[in-house]
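The values are calculated or read from the model by the stated rules, or taken from the named source; none is laboratory data. Predicted model only: the values in this text are computed from it and were never measured. FYI the Cβ positions are ideal-geometry reconstructions off the backbone, even for glycines, and counts take in every protein chain you see. These area figures cover heavy atoms from the full protein model, side chains too; ligands, DNA and RNA do not enter into them. Shrake-Rupley method; radii C 1.70, N 1.55, O 1.52, S 1.80 Å.
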Amino acid sequence: MNMVEIKDLYANIGDKKILKGLNLELQEGKVHVIMGPNGAGKSTLSKAIVGHYDIEIENGSIVYKGEDITELEPEERALKGIFLSFQNPVEVPGVSNAYFLRTAVNAKRKYEGKEELNAAEFLRKAKETANFLGMKPELLNRSLNEGFSGGEKKRNETLQMLLLEPDFIILDEIDSGLDIDALRAVSEGINKLKDGKRTFLVITHYSRILDYIKPDVVHVLKDGKIVKTAGSELVEVLEKEGYAALGES
Amino acid sequence: MAQEEIDKAIAGDYKLGFEIDIEQDTVPPGLNEDVIRFISKKKDEPDWMTELRLKAYRKWLEMEEPHWANVEYEPIDYQAISYFSAPKQKPKSLDEVDPKILEAYEKLGIPLEEQKQLQGIAVDAVVDSVSVKTTYADELKKLGIIFCSISEAIRDYPELIKKYMFSVVPMNDNFYAALNSTVFTDGTFVYIPKGVRCPMELSTYFRINALNTGQFERTLIVADEGSYVSYNEGCSAPMRDDSQLHAAVVELVALKDAEIKYSTIQNWYPGDKDGKGGIYNFVTKRGLCLGENSKISWTQVETGSVITWKYPSCILKGDGSVGEFYSVAVTTLAQQADTGTKMIHLGKNTSSTIISKGISAMKGQNSYRGLVKIGKDAFGARNFSECDSLLIGSRCGAHTFPYLEDKSSHAKVEHEATTTKISEEQLFYLRQRGIDEENAVSMIVHGFCKDVFAHLPMEYAVEARSLLELTLEGSVG
Ligand SMILES: Nc1ncnc2c1ncn2[C@@H]1O[C@H](COP(=O)(O)OP(=O)(O)OP(=O)(O)O)[C@@H](O)[C@H]1O
Ligand SMILES: [Mg+2]
């Protein structure tokens, strides 16, 4: 069964056409990987899915769990279970990381009709999860992402994912800039959420992370379109031959 | 979000812009010696007070309106303002206060009613020029605390008034202070006797109600040796087409080992999106730490008025005295604020702290002006200043003008300043995590203000938070 169906998507940033008739189906419970050259439109696709203000959708539809979400506010999409780990998470000075995390978790719990967590309950859970990811606990008390190293930001994205337990998880280059230990920790975090129901969309340039999270389907995005879809064996071919041979057909 | 949508979303948002429908006793517009005598007579003042007013008036005539602040506005016609307005029915006892006034205060959330007094706040409420009700005065009297309108104090406590009024802000201190000294109509007087810790928060609520009137209140707080008081002031005004003038003077005097904590939530009508009808708020506030180890602390949350010109200051005369200034100033719509503080270190080992947070949105312009002056005998003086600006959107502005004059060359002075912008990217990030836009903005804004809010009395911190949310509602795209 498909959790996500993207049909004939045309999306622009300003007057620049970036996605040009993109089609993509993501199956429930599966790990999909998107690879493709720099500037092909991978981040644009992920931003279009979460409703980023830069992206203007000219044509096409994004259907999530049977509902067209292209007109929904970003927070509605988030509350319905769509999560994006950003390629470059923004810094928010003055807002404590722990306070932010709790607000986000409680917004979701409220939406789902669950009781909100109090500060103590939440902190216990957050610390436990941070510890699992090998994060320094002091990162919880700092301002959100402010002055975090590249790797710390990526771990913090993973922490949010684990606490929010979304249904559809988009990871835009979660692996870039990570050291070996961080890569393993982040991968373990991702695997922890794999339950045969959640759908993952992993955007990456390297096969390294795919040694940890086994992909089910691999797509190649080139020049604003999906130009190839295959099984995990495609990764090896791409590593060897690059993208030149694909597309422009 | 497009700019027009943002503007539409915020238009007509001033929630306190209602008018109380009561009969007013108002003098015709204009200012001359007869008007001053009339006001003084209306208030049953002794001759010495009438003479002081006339003296101030003659000084005012020779002074020029200052234009150095970083604000722009249409010239004020001082002859078009009415200098006295009072509700016609004068209340003789608490029960006789016009129910419409009580209802208005109810709307403002002012705890005038008996049941609400259980919250332990003593309130003096001033509508236009007259203090209509002072609650709790009797109970305070048992401790020797005086908490009454300034008019009553002039009649009942002339010695204290003669000794302390004009002692911190001389009548010719500046143009607006001189005008206030001439026509001040009401305000609050507080005296805390030696060694007494005032057991409750004292509050005054000011409201401009009548049309084309100015409000010129004058507040004087004297904390005798070893005493403590926390005083709060709140303000609002109905929506008008014409701007109204508010020129208040506040004087604080702290004797040896005394402490005064003065908190303000200023929410005068800010005008429409072009500033039309907003209050001109030109205020002189100054505290004198007269005795050793005395302390004066100003905390202000400024969200209203179209023009604000205000520099709560401390003169640290007593050795070891402490001055503090914590401020959040918000400018949105077409508001302009030029605010800050002066810390004048005269005594030895005096110290001061300044934390100023300016928030600008839409077309708001926020200026911080701070002066730290270290006198030549102020050995061991210390100052720490932090001055942060937060910009929401791209049409607003923030400006800082810190000045330092150090004659002692022994002082330790630190200054830090930052400017942050709430970016769409930050808001989007929070929204992607399921936090809606209003909450996302208030999270960032509260994070920015928390060091100041921490200094407000609990209840006022809650009010300040929601006021801030109200003020900034819809100002972000
Ligand atoms: N705000 C913007 N203004 C103008 N062009 C933009 C903007 N954002 C992205 N683009 C352009 O859109 C194209 C697609 O960018 P996108 O970030 O989606 O690529 P990507 O596939 O994620 O690349 P990478 O692998 O380098 O992350 C690029 O040519 C990029 O320069
Ligand atoms: Mg990218």
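Summarised as an ellipsoid, segment B:367-424 has semi-axes of 32, 10, 5 Å, derived from the eigenvalues of the Cα gyration tensor scaled by 5 and square-rooted, with the largest first. Bridgeable aspartates and glutamates around A:LYS17 (alpha carbons under 13 Å apart, same-chain partners fewer than 8 residues away excluded): A:ASP54, A:GLU56, A:GLU58, A:ASP223.
On the basis of the beta-carbon distance and an R0 of 41 Å, A:GLU165 and B:VAL462 show a calculated FRET efficiency of 0.80. Think of chain A as having a plus end and a minus end, set by charges on the Cβ of Lys, Arg, Asp and Glu; of A:ASN59, A:VAL90, A:ILE69, A:VAL90 sits farthest toward the positive end of this dipole. Straight-distance candidates among the aspartates and glutamates for linking to B:LYS412, with alpha-carbon spacing under 18 Å and chain neighbours fewer than 8 residues away dropped: B:ASP319, B:GLU324, B:ASP377, B:GLU386. Considering only A:LEU159, A:LEU84, A:LEU123, the Gaussian network model of chain A with Cα springs below 10 Å gives its largest mean-square fluctuation to A:LEU123.
The phi-based Karplus calculation (6.51 cos²θ - 1.76 cosθ + 1.60; θ = phi - 60°) puts the 3J(HN,Hα) values of segment A:32-44 at 9, 10, 10, 10, x, x, 4, x, 6, x, 5, 5, 4 Hz, whole numbers, x for Gly and Pro.
Hey, for a label at B:GLU469 modelled as a point 7 Å past Cα toward Cβ, could you say which residues of segment A:114-135 have their backbone N under 20 Å away? Once the point is set 7 Å along Cα→Cβ of B:GLU469, A:114-119 turn out to lie under 20 Å by backbone N, inside segment A:114-135. Of all aspartates and glutamates in the structure, those lying under 19 Å Cα to Cα from A:LYS114, and not within fewer than 8 positions of it along the same chain, are A:GLU75, A:GLU76, A:GLU165, A:ASP167, B:ASP436.
Full extension of the chain between A:LYS136 and A:ASP181 gives 14.8 nm of extra length, using 0.36 nm per residue less the Cα-Cα distance. Scanning residues 5 or more positions from B:LYS285 or on other chains, those with amide H under 5 Å from its amide H are B:VAL250, B:TYR311, B:SER313, with H placed 1.01 Å from N in the peptide plane.
Comparing each chain alone with all protein chains together (probe 1.4 Å, DNA, RNA and ligands left out), the residues of segment B:418-456 losing at least 50 Å² of accessible area are B:GLU425, B:GLN426, B:PHE428, B:TYR429, B:ARG431, B:GLN432, B:ARG433, B:GLY434, B:MET443. The relative contact order of segment A:140-198 comes to 43 percent, based on Cα pairs under 8 Å that sit 6 or more residues apart. Full extension of the segment from B:GLU225 to B:ASP436, taken as 0.36 nm per residue of separation minus the current Cα-Cα distance, would add 70.9 nm. With θ taken as phi - 60° and the Karplus curve 6.51 cos²θ - 1.76 cosθ + 1.60 applied, the whole-hertz 3J(HN,Hα) list for segment B:400-412 is 10, 10, x, 10, 10, 10, 10, 9, 8, 6, 10, 6, 10 Hz, x standing for glycine and proline. Each label was represented as a point 7 Å from its Cα along the Cα-to-Cβ direction; for B:GLU386 and B:HIS67 these points are 3.8 nm apart.
For the pair A:ASN2 and A:GLU116, label points projected 7 Å from Cα toward Cβ lie 3.8 nm apart. The stretch between A:GLU188 and A:LYS125, if pulled fully straight at 0.36 nm per residue, gains 21.0 nm over its current Cα-Cα span. Cross-linked pairs A:LYS110/A:LYS194; A:LYS42/A:LYS197; A:LYS20/A:LYS80; B:LYS141/B:LYS256; A:LYS125/A:LYS192: Cα-Cα separations exceed 18 Å for A:LYS110/A:LYS194; A:LYS42/A:LYS197; A:LYS20/A:LYS80; B:LYS141/B:LYS256. Only Lys, Arg, Asp and Glu carry charge here, each on its Cβ (+1 for the first two, -1 for the last two); on that basis chain A has a dipole of about 480 debye about its Cα centre.
Across segment A:216-232, computed HN-Hα scalar couplings (Karplus, 6.51 cos²θ - 1.76 cosθ + 1.60, θ = phi - 60°) run 9, 9, 10, 10, 10, 9, 9, 6, x, 9, 7, 9, 7, 9, 7, x, 5 Hz from first to last residue, x flagging Gly and Pro.
Less than 5 angstrom separates the built amide H of B:GLU292 from those of B:LYS256, B:ASP257, B:ASP319, all sequence-distant by 5 or more or on a different chain.
How large is the helix-only mean residue ellipticity at 222 nm for chain A, computed as the sum of -39500 (n - 2.57) over DSSP H runs with n ≥ 4, divided by its residue count, in deg cm²/dmol to the nearest 500? Result for chain A, helices only: -10500 deg cm²/dmol.
Report the accessible surface area buried between chains A and B, summing both sides, using a 1.4 Å probe on protein heavy atoms only, in Å² rounded to the nearest 100. For A against B, buried area totals roughly 2200 Å².
Structure remark: mean-square fluctuation, Gaussian network model of chain A, C-alpha springs under 10 Å; the largest value among A:GLY41, A:GLY51, A:GLY94 belongs to A:GLY94. Here's how it looks for A:LYS225: its modeled amide H is under 5 Å from those of A:LYS20, which are all 5 or more places away or on a different chain. Between A:ASN38 and B:GLU425, the C-beta separation translates, for a Förster distance of 25 Å, into a calculated FRET efficiency of about 0.75. What translational diffusion coefficient, to the nearest whole µm²/s, does chain A have by Stokes-Einstein, given a Kirkwood radius computed over alpha-carbon pairs, a temperature of 37 °C and 0.692 mPa s viscosity? D, rounded to a whole number, is 176 µm²/s.
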